[in-house]
1. When all C-alpha to C-alpha distances in the stretch 24-99 are sorted into bins of 5 Å, what percent of pairs does each bin hold, rounded to whole numbers?
2. Any aspartates and glutamates with Cα under 15 Å of the Lys27 Cα? List them, leaving off those in the same chain fewer than 8 positions away.
3. Which parts of the stretch 57-76 would a label at Ala155 reach, counting a residue when its backbone N lies under 18 Å from a point 7 Å out along Cα-to-Cβ?
4. Starting from the Kirkwood radius over alpha-carbon pairs of the chain, derive D by Stokes-Einstein at 25 °C in a medium of 0.890 mPa s and give it in µm² s⁻¹.
5. Relative contact order for the chain: what is it in percent, counting Cα pairs under 8 Å that are at least 6 residues apart?
6. If exposed means no more than 10 neighbouring beta carbons inside 10 Å and the site is in a DSSP loop, what's the longest run of the chain without any exposed trypsin sites (Lys or Arg not before Pro)?
7. Express the C-alpha Rg of the stretch 188-243 as a ratio against the empirical globular expectation 2.2 N^0.38 Å, rounded to two decimals.
8. Which value in Å is the Kirkwood Rh of the stretch 39-161 over different Cα pairs?
Amino acid sequence: MDAAAISKKRDPGTDKMRRREIVNIIKGIQTSDGAGVNLTRIIGSPELDMLDPFLLLDEFGSDDPNDYMAGFPPHPHRGFETITYMLNGKFRHKDSAGNEGYLTDGSVQWMTAGRGVIHSEMPEQTEGLARGFQLWLNLPKKLKMIDPSYADIPAKDIPCIEFKGGKATIIAGTFQGVTGPGRPHTGMLYHDIHLDKDSKFELDIARGWNAFIYIYEGNVKLGKAIYKGQLAVLEQDGTLCLTAGHGGAQFILVAGEPLNEPVARGGPFVMNTRAEVMQAFEDYQNGVLDKS
Ligand code: FE2
């Protein structure tokens, strides 16, 4: 079998595998954040406000340093986790909890903002190119005010599983019995999948989890074609089954257990109520987050 096949869900009463179909295809919008970093916002955009528990997905990628070198000077967060995956390029991180990190090609930064941090994320280029993703994973109400934590995960500590027709880099969750180093506070998986041309790929995803794929090179077919720069939101049940296009495909596959809680957003703070967001701004202004 030329696919990464895991146990397949079958419809009761039939022997047919149930395929996770596409619910929606999103393209994202060009925007700017931080001190003037040009990026594509795919989740957290007018087209797709959130996909519970995911609050935001940005792709940054440019071979022009002017698009990103201004970086993200010190700014606060509270109430969620940020997961930054660098395909290429380097990011230097500093935060108010005393953590310092240096992200390099293929590495991941996993920051749990919890009750609050102030951090800076300043890029450095690799041969002119910086490319990667930042994903915001919400924290449930009971964990929003936990202590902040931070992990720099170098590329060498992120397992890469080869299978016939491709390979999978396991950032979080389990793939073919191998668990990635990311430590989310809720159920989620995050894989970077590379497929050779025309290869098939199958993966069972926990029932009820929201899931998406975002194609960053090539294209895939899942009923219909999904192209580079498109995110496909998938159904909440069934097995992901797709085929790479003639030029192969590279995509991130992310899935998570929905929290089903109220979400109140205020810029860098994501809480359950408006009053909690206002409190976060007040705490930030009063220097409470400086002491995290
Ligand atoms: Fe940030």
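1. 3, 13, 21, 26, 21, 12, 3, 1, 0
2. Glu47, Asp49, Asp58, Glu59, Glu217
3. 60-63
4. For the chosen part, D equals 126 µm²/s.
5. Reported as a whole number, the value is 21 percent.
6. The longest such stretch corresponds to 17-206.
7. 1.08
8. 14.8
Each reported figure results from applying straightforward, stated rules to the coordinates on display, with no laboratory input. Nothing here was measured: the structure is a model prediction, and the numbers come from that model. Note that each Cβ is placed from the backbone with ideal geometry, even for glycine, and that neighbours are counted across all protein chains shown.
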